[in-house]
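Chemist: Here it is: the structure, laid out below.
Any read-out appearing in this document is the output of simple, stated calculations on the displayed coordinates, not a laboratory observation. Note that the structure is a prediction, hence the values are computed from the model and not measured. FYI the Cβ positions are ideal-geometry reconstructions off the backbone, even for glycines, and counts take in every protein chain you see.
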Amino acid sequence: MTMAHSEGPPLGLPPAPVPVDNPQTAAKIELGNKLFNDKRFSSTGEVSCANCHAVEKAFTDSPLVVSEGINKLTGTRNAPTVLNAVYMKTMFWDGRSPSLEDQALHPFVNPVEMGLKDHEPILAIVRSDPEYAKAFQSVFGKSGNAITMKEVTQAIAAFERTKVAANTPFDRWYFKGDESALTDAQKRGFEIFVNQGRCVSCHVVEQTQALFTDSKFHNVGVGINAIQKDVPALAKEYIRAQVAATEVDQKVLSDKKSSELGRFAVTRYFDELGAFKTPTLRNIALTAPYMHDGSLKTLRDVVVHYNNGGVTVAEDPVNDFLSGGIRPLALTDKEIDDLVAFMEALTSPEVAQLAKEAEKK
Amino acid sequence: MSDHRINRRDFLKCAGALAAASCLPVSTVELAFADPRENFTFAYISDAHLQLISGTKFVRNWDRGLIRAVAETNLLDPKPDFVVFGGDLAQLALKEELDHGAEMLSKLQVKVHHVMGEHDYYLDLGEYWSKLFGPQYYSWDHKGVHFVVLNSILTYDDWTFNRWPTAKQRMLEMAGLDNPNGSPFMVGEKQREWLRQDLSKVKKDTPLVVFSHSPIQKIYKGWNFWTEDAEEVQALLKPFSDVTVIYGHVHQIQYNQIGNISFHAVMATAWPWPYPQTYAQAEQYLPKLTVPMNRANPFFERDATGWQMIDIDSGRAAMNYNLYNNARRTVAFNPKTRQPEDKVFQDPERRIPPQTHF
């Protein structure tokens, strides 16, 4: 995978943004890698960040529907990839965290993820373990009690910022003009992607780069459809601030119905009821199942859902809060196939290679 | 402000503050409960333009706008005291369209007061609308505020009764913008006389809120952002100390102060209108309006539409605009400058300059 700090960005992506107070260094990235994979930072000693963001699964836990934490406890959401997360303006499906640094704090102490009561056990390990002590001293010039979660999460974020992946067949075709990079079906699929399919309005492709996300939140008729009767009572809880901002992380991962409120649980704006962040489509073919709740098994299911105008079963009623951009698309079966073929052209060769090697094992 | 204007919100603010010295004396606060006026809110949904395609098929985009506004209004907590629907429920005043709208609005959990729009009227001159929603102009009192609904989209009798071979053509002519065959809206003499008599029973310091479909002020005649007898109606409102006029029709945020009268426009749930070119400060060379929509983002069908929650604070309105894909805005009466002002964007430094179009 490309190291953002030492090389230019891969074809199709802009330079990765790095916060001024957390510059990238090789030693910090290596420390972050170690922390990312350390299972001791969970109450059972069995779960690290990598459990749900596995390198060989394009940094997800595919094919799980929703993620599994300690003792096989499940949350409510499908693990989003770490790949290209550096470009996201907010973290988590509902954007409840503003940065990679902040995001890294929460799974450690969520009861259905890594299950720690607080961050103290992590600090105890990194302050006493000789390898960590040495690394924190050399990266941050800190030791003992001077090491805090700030340094821990900065190192993890620095590691995650290197996980950029592009240079896909699509990128070689679109940005380099390599006509042989895509099949005819994939090229037709792109035509649908930017026109009849209306996909590009949220999964953004620009002239010099393609993040395939607008970093915004939309109600696309997933999840919320099943809890429409519960919305008034649930919404009231959040409007009246009976669920404090600090409780949202635990609440939305433990309570399926609260989870479906999406971005509304964070901002409490009606405009964002049932709305979730647009995920990137890069490497999407490797990370089934799909959507924030993992409720759609294949890319074809996803396209059919959008083709129906925001419902998985064509005859079902759409939810009252559906985002304005979602409407029936009138795509033919062949056009749906082409669109799926196009999304299969968004896989980075090195990510696919890792997945292939893991399969052999 | 005199002491009788102390409202419940001020009381709560004071009750919550330990530093009693900065608050009002308790005896004055008790007056708040002697006063019949209390703070309250109501919601305002307008300009749904539900449009029949054929059979039972309606334009999906307009349907979704109203469905969403109704569903969100039902989530308001605390509940608004009532909802006003500001007119143009239908596109061409068809029974099917009005029935379709009435069905959607029946989901609202509080009472709905209706205002007549020209798109509800010019097919059968409001006959079916009145069957569904009642009188076309009326008034009521609520928590110390006098509310009036006017039918402001009438026009000259000659145009209405003598000019058009069919009712359908009359409807289509009035629905057009920049239409040389159109005719200016008006409240009319009969209704102004009714209003004069209605207001004669109301004390002059009673806050007055008037709902109309068209603005009771003259903005842009070509699009009927206009009421021909606006000055006559304003004259009837002039003796009152607190007057607010709230209107639909324009599908955009507008606010203005004329004498003692604050004017506020509401958003449509259907589509936005661009600001008419007469609003521009510099000369423009725009072609005649040919595209009926000017969205910032054409993909998001709800962009530049919305609905509003209105806070009646001491008899003056604070308009809270719920805008999709856009920053929410509040336009409220500023007692210091005595005019409505945007809470955030009023200061020229805070304004967002318009985009340059090529």
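Chemist: How high is the relative contact order of region A:18-135? Use alpha-carbon pairs under 8 Å, at least six apart in sequence, and give a whole percent.
Modeler: 21
Chemist: Something else about it: According to the Kirkwood expression over distinct Cα-Cα pairs, how big is the hydrodynamic radius of region B:39-344, in Å?
Modeler: 19.5
Chemist: If you don't mind, another one. Filter the trypsin sites (Lys or Arg not before Pro) in region B:102-160 to those in DSSP coil with at most 15 other Cβ atoms within 10 Å of their Cβ, and list the result.
Modeler: Here the sparse-neighbourhood loop sites are B:Lys107, B:Lys111, B:Lys143.
Chemist: Can you give the Rg to Rh ratio of region A:26-161, both from alpha-carbon atoms, with Rh computed by the Kirkwood formula?
Modeler: 0.95
Chemist: Treat each spin label as a single point 7 Å out from the Cα along the C-beta direction, and report the A:Lys257 to A:Glu46 distance in nm.
Modeler: Label-label distance for A:Lys257 and A:Glu46, simple model: 3.1 nm.
Chemist: Lys/Arg Cβ at +1, Asp/Glu Cβ at -1, dipole of region B:97-187 taken about the Cα centre: which of B:Gly117, B:Ala102, B:Trp159 is farthest positive-ward?
Modeler: Ranked along the dipole, the leading option is B:Ala102.
Chemist: Check which residues have an amide H placed less than 5 Å from B:Asp313's amide H, if you skip close sequence neighbours.
Modeler: Hits under the 5 Å cutoff: B:Ala318.
Chemist: May I ask for the percentage of alpha-carbon pairs in region B:170-263 that lie more than 15 Å from each other?
Modeler: So the portion of pairs separated by more than 15 Å is 62 percent.
Chemist: Please arrange B:Lys95, A:Lys229, B:Lys190, A:Lys297 by counting, for each residue, the other beta carbons lying within 10 Å of its beta carbon, fewest first.
Modeler: Lowest to highest Cβ neighbour count: A:Lys229, B:Lys190, A:Lys297, B:Lys95.
Chemist: Rounded to the nearest 0.05, what FRET efficiency do B:Gln109 and A:Thr267 give with R0 = 25 Å and r taken as the Cβ-Cβ distance? Could you check?
Modeler: Computed FRET efficiency for B:Gln109 and A:Thr267: 0.55.
Chemist: With equal scatterers on the alpha carbons only and no solvent term, can you work out the Debye log10 of I(q)/I(0) for region A:224-273 at 0.21, 0.22, 0.26, 0.27 1/Å?
Modeler: Values, matching the q order: -0.63, -0.70, -1.01, -1.09.
Chemist: Hey, which lysines would be in cross-link range of B:Lys95, C-alpha to C-alpha under 23 Å, not counting anything within fewer than 8 residues on its own chain?
Modeler: B:Lys57, B:Lys107, B:Lys111, B:Lys131, B:Lys168
Chemist: Let me know the volume per residue of the alpha-carbon convex hull for the protein assembly as shown, in Å³.
Modeler: 198
Chemist: I would also like to ask the following. Take the Cβ-Cβ distance between A:Thr332 and A:Asn37 as r, set R0 to 51 Å, and report the resulting FRET efficiency rounded to the nearest 0.05.
Modeler: Rounded to the nearest 0.05, the efficiency is 0.65.
Chemist: Not counting the cut sites, what is the longest span of chain A without GluC sites (Glu not before Pro) that DSSP labels loop and that have at most 15 other Cβ atoms within 10 Å?
Modeler: A:47-205
Chemist: Here's a follow-up. Just to be sure I understand: with springs between alpha-carbon atoms less than 10 Å apart, which residue in A:Pro80, A:Pro169, A:Pro15 has the highest mean-square fluctuation in the Gaussian network model of chain A?
Modeler: Largest GNM mean-square fluctuation: A:Pro15.
Chemist: Here is a follow-up. In what sequence do A:Ile239, A:Ile70, A:Ile156 fall when counting other Cβ within 10 Å, fewest first?
Modeler: A:Ile239, A:Ile70, A:Ile156
Chemist: In addition: Most fluctuating residue of A:Val20, A:Val231, A:Val318 in a GNM of chain A with Cα springs under 10 Å: which is it?
Modeler: Judging by the Gaussian network model, the answer is A:Val20.
Chemist: Quickly work out the A:Lys117-to-A:Asp214 label distance, labels modelled 7 Å from Cα along the C-beta direction, and quote it in nm with one decimal.
Modeler: Going from the A:Asp214 label point to the A:Lys117 one covers 4.6 nm.
Chemist: Right, another one. Which residue fluctuates most in the GNM of chain A (Cα springs below 10 Å): A:Gln242, A:Gln103, A:Gln186?
Modeler: Largest GNM mean-square fluctuation: A:Gln242.
Chemist: Whole-Hz Karplus ³J(HN,Hα) for region A:304-310, in order, using 6.51 cos²θ - 1.76 cosθ + 1.60 and θ = phi - 60°, x for Gly and Pro?
Modeler: 4, 4, 5, 4, 7, x, x
Chemist: Sticking with this one: What FRET efficiency, computed as 1/(1 + (r/R0)^6) with R0 = 25 Å and r the Cβ-Cβ distance, is obtained for B:Lys204 and B:Val344, rounded to the nearest 0.05?
Modeler: E(calc), rounded to 0.05, equals 0.15.
Chemist: Based on Cα positions only, what radius of gyration and what Dmax would you give for region A:240-361, in angstroms?
Modeler: 17.4, 53
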